[in-house]
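Data block below; observations after.
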Amino acid sequence: MAEKRLAGTRILMVIAPDQFRDEELLTPKQLLTEAGATVQVASTKSGEAKGMLGAKVTPDLLLADAKSSDYQGVVVVGGMGSPEYLWNDSKLHEIVREQSKENKVVASICLSGAVLANAGVLKGKKATVWPMDESLKALSDGGAQYQEQPVVQDGKLITANGPEAAQKFGETIIAELSKVKV
């Protein structure tokens, strides 16, 4: 049986209610759970959320009801629904800023790197994102130093550029969380 090095660690994963990227949720969530973390999935709407590749997930809670203090880290999942539902969500920005201020793990994958930039936590930080004009502009406007790499870590900020990086993204989050585990 694998060591549960993240036992007692609570992680909030945030998805768009429609068009989240399946493996960007499912792969890191599975890795975190296997490492012993408790993972809660939140979205901006109640009811079943639909992934781009057909996954159906019922979030554990509404994003509006999430409290930053309940978690040791936040992971923002990407996909085509991210710009519409997550990029400019003020509650999500608040959670991301609080987690960052408290020196907790703040992670995003794919298009959701723009969430971190729009929340103001990437100023002067190295980060990556799924490269399209709008997401690259968001990183630039947010003062991030864009890195063209699958996974980029700058302190407790962890970003990944897309679905192919989901495994390494999850492993990087676990490695960082393991450093701070008592």
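The values are calculated or read from the model by the stated rules, or taken from the named source; none is laboratory data. Here the structure is a predicted model, which is why all the values come from computation and not from measurement. With ideal geometry, Cβ positions are generated from the backbone for all residues, glycine too; neighbour counts draw on all protein chains shown. Keep in mind that these areas ignore ligands, DNA and RNA; they rest on the heavy atoms of the full protein, side chains included. Shrake-Rupley method; radii C 1.70, N 1.55, O 1.52, S 1.80 Å.
Which of the residues belonging to segment 138-167 are among the polar types (S, T, N, Q) and under 10 Å from Leu122 (Cα atoms)?
Within segment 138-167, Ser140, Gln145 qualify.
So which of Gln167, Gln149 ends up being within 21 Å of Gln30 (Cβ to Cβ), among the polar types (S, T, N, Q) and out of contact with any Pro (no Cβ under 7 Å at 6 or more places or on another chain)?
After ruling out the rest, the residue left standing is Gln167.
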Hits in segment 141-182 - residues which are assigned to a helix (DSSP H, G or I), open to solvent by 80 Å² or more (accessible area, probe 1.4 Å) and either among the hydroxyl-bearing types (Ser, Thr, Tyr) or at pLDDT 95 or above (or both): Asp141, Glu164, Gln167, Lys168, Glu171
Test result for Glu98, at pLDDT 95 or above, open to solvent by 50 Å² or more (accessible area, probe 1.4 Å) and under 15 Å from Leu12 (Cβ atoms): yes
Counted residues, segment 47-77 - those being without any contact (Cβ under 8 Å) to a residue 40 or more places away in the chain, in a loop (DSSP other than H, G, I, E, B) and not aliphatic (A, V, I, L, M): 6
Test: residue in segment 21-36 that is in a loop (DSSP other than H, G, I, E, B) and not basic (Lys, Arg): yes
Test: residue in segment 120-139 that is touching a helix residue (DSSP H, G or I) at 6+ places or on another chain (Cβ under 8 Å), under 22 Å from Ser43 (Cβ atoms) and β-branched (Val, Ile, Thr): yes
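Run down Ser112, Ser90 and say which single residue is under 14 Å from the mean Cα position of the chain (by Cα), among the polar types (S, T, N, Q) and either at pLDDT 95 or above or within 20 Å of Thr9 (Cβ to Cβ) (or both). Full working, then the answer.
Values: Ser90 fails: under 14 Å from the mean Cα position of the chain (by Cα).
Being under 14 Å from the mean Cα position of the chain (by Cα), among the polar types (S, T, N, Q) and either at pLDDT 95 or above or within 20 Å of Thr9 (Cβ to Cβ) (or both) holds for just one of Ser112, Ser90, which is Ser112.
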Check on Thr44, among the hydroxyl-bearing types (Ser, Thr, Tyr) and either touching a residue at least 24 places away in the same chain (Cβ under 8 Å) or in contact with a helix residue (DSSP H, G or I) (Cβ under 9 Å, 6 or more places away or on another chain) (or both): yes
